[in-house]
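K.L.:
Structure in structure tokens, see below.
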Amino acid sequence: MDSSLAPQVALITGAGQGIGQGIAYSLAKRGVRIVAVGRTLSKCEYTVSEIANRYGVEGRALACDIADLEALPALVEDAVAAFGRLDILVNNAVSTKVKPLMKVKLDEFEQGLRVGPLATLRMMQLVQPHLVQQGGGNIINMASTAAMRWDNRNYGIYAAEKEAIRALSRSAACEWAPLGIRTNVILPHAKSPALAGWAAARPEEAAAFEKSIPLQRIGECEEDIGEFVASLCSPVSRYVNGQTIAVDGGQANLG
């Protein structure tokens with residue numbers, strides 16, 4: 001096993017499945033101890049057990065609804081108590097609706113904001129002192145290419161949530177870099193349960209979507225997204241900060 005990132009500790013939200021789980025596996029492969037967070041404890045426990053079986057690396061599963069902002073301080077305290085430190089934060093949990101603006105209910109938008117930019121900001125605030133204590137660390141936030149779609153109909157509130165995360169991340173990158181903290185955003189396409197549900201509900205749109213990817217395939221949660229995040233947290237990426245990086249097979253044009 002590669003132990004290049006040992007003995008670091010990563011807190012990953014939405015780690016019970018999909019992209020969060022893939023990131024957990026890739027970081028653990030390099031010796032990172034994982035605090036896997038999600039609404040369903042059994043899913044996070046499965047991620048942790050797989051990490052132990054594959055790599056012999058310790059992990060801790062914690063149940064938390066990220067939308068419950070008042071629960072986040074205790075979550076971070078429990079994460080730190082598990083291994084005595086934090087080095088990496090991955091804000092991955094998501095909740096949103098895809099529908100025309102005239103059909104959007106404000107409580108739906110509010111829920112997306114709570115799970116998205118509000119929880120992302122609060123988690124960054126809570127984790128930052130612990131990263132400083134280690135002399136620095138990495139924050140990886142998940143956003144989306146939704147705001148860059150050729151046709152943005154029905155994706156307004158989802159794009160708004162994710163663009164807010166990008167703005168917060170850029171500020172953190174500028175404010176906290178002198179403290180040794182690097183903050184970056186990735187825009188992933190991967191075979192997650194969320195994407196599978198979207199494809200099932202919108203098969204024609206999903207087929208056209210996949211054809212628009214130059215590499216002609218949807219990414220893998222671990223082999224494509226997880227491995228990239230692991231490289232972004234490694235010393236070889238030590239000068240990468242404040243960036244939005246599409247890990248999407250070349251579909252998005254960020255120029």
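K.L.:
Can we say LYS162 is without any contact (Cβ under 8 Å) to a residue 60 or more places away in the chain, of a type in the set (Lys, Arg) and open to solvent by less than 20 Å² (accessible area, probe 1.4 Å)?
P.N.:
Judged against the criteria, LYS162 is a match.
K.L.:
Next up: Filter segment 129-156 for residues that are outside any strand (DSSP E or B), closer than 30 Å to ALA6 by Cα and among the aliphatic types (A, V, I, L, M) and give the result.
P.N.:
LEU131, VAL132, ALA143
K.L.:
Next up: Looking for something in contact with a strand residue (DSSP E or B) (Cβ under 9 Å, 6 or more places away or on another chain), open to solvent by 40 Å² or more (accessible area, probe 1.4 Å), part of a strand (DSSP E or B) and without any contact (Cβ under 8 Å) to a residue 60 or more places away in the chain - is there at least one such residue anywhere in segment 43-64?
P.N.:
yes
K.L.:
Still on this model: Can you confirm whether ARG170 is assigned to a helix (DSSP H, G or I), closer than 25 Å to CYS233 by Cα and not small (Gly, Ala, Ser)?
P.N.:
Taking the combined requirement at face value, the residue satisfies it.
K.L.:
Somewhere in segment 71-80, is a residue of a type in the set (A, V, I, L, M, F, W, C), farther than 19 Å from ILE139 by Cβ and part of a helix (DSSP H, G or I)?
P.N.:
yes
K.L.:
Under the condition of being over 18 Å from the mean Cα position of the chain (by Cα) and without any contact (Cβ under 8 Å) to a residue 12 or more places away in the chain, which residue from segment 100-140 is most open to solvent (accessible area, probe 1.4 Å)?
P.N.:
Among those that are over 18 Å from the mean Cα position of the chain (by Cα) and without any contact (Cβ under 8 Å) to a residue 12 or more places away in the chain, it is MET102.
K.L.:
Right, here's the next one. Could you please find all residues in segment 93-113 being touching a helix residue (DSSP H, G or I) at 6+ places or on another chain (Cβ under 9 Å) and in a loop (DSSP other than H, G, I, E, B)?
P.N.:
Hits for segment 93-113 are ALA93, VAL94, SER95, THR96, LYS97, VAL98, LYS99, PRO100, VAL104.
K.L.:
Can you pull out the residues in segment 196-255 that are over 22 Å from ALA177 (Cβ atoms) and hydroxyl-bearing (Ser, Thr, Tyr)?
P.N.:
If the condition is that a residue be over 22 Å from ALA177 (Cβ atoms) and hydroxyl-bearing (Ser, Thr, Tyr), then SER212 is the only one that fits.
K.L.:
Related question: Could you check segment 195-222 and list, in sequence order, the residues that are surrounded by fewer than 16 Cβ atoms within 10 Å (Cβ to Cβ), touching a residue at least 12 places away in the same chain (Cβ under 8 Å) and assigned to a helix (DSSP H, G or I)?
P.N.:
TRP198
K.L.:
I'd like the residue in segment 195-219 that is under 18 Å from ALA252 (Cβ atoms) and within 18 Å of the chain's Cα centre (by Cα) and, out of all such residues, is modelled with the lowest pLDDT.
P.N.:
Result: LEU195.
K.L.:
Of the residues in segment 223-247, how many are among the charged types (D, E, K, R) and open to solvent by less than 30 Å² (accessible area, probe 1.4 Å)?
P.N.:
Total meeting the criteria: 0.
K.L.:
What are the residues in segment 6-17 that are open to solvent by 10 Å² or more (accessible area, probe 1.4 Å) and within 18 Å of LEU41 (Cβ to Cβ), if any?
P.N.:
Selection gives GLY14, GLY16, GLN17.
The values are calculated or read from the model by the stated rules, or taken from the named source; none is laboratory data. All values reported here derive from a predicted model rather than from experimental measurement. Quick reminder, even Gly has a Cβ in these numbers, built from the backbone with ideal geometry, and neighbours come from all protein chains shown. These accessible areas exclude ligands, DNA and RNA; they are computed on the full protein's heavy atoms, side chains included. Shrake-Rupley method; radii C 1.70, N 1.55, O 1.52, S 1.80 Å.
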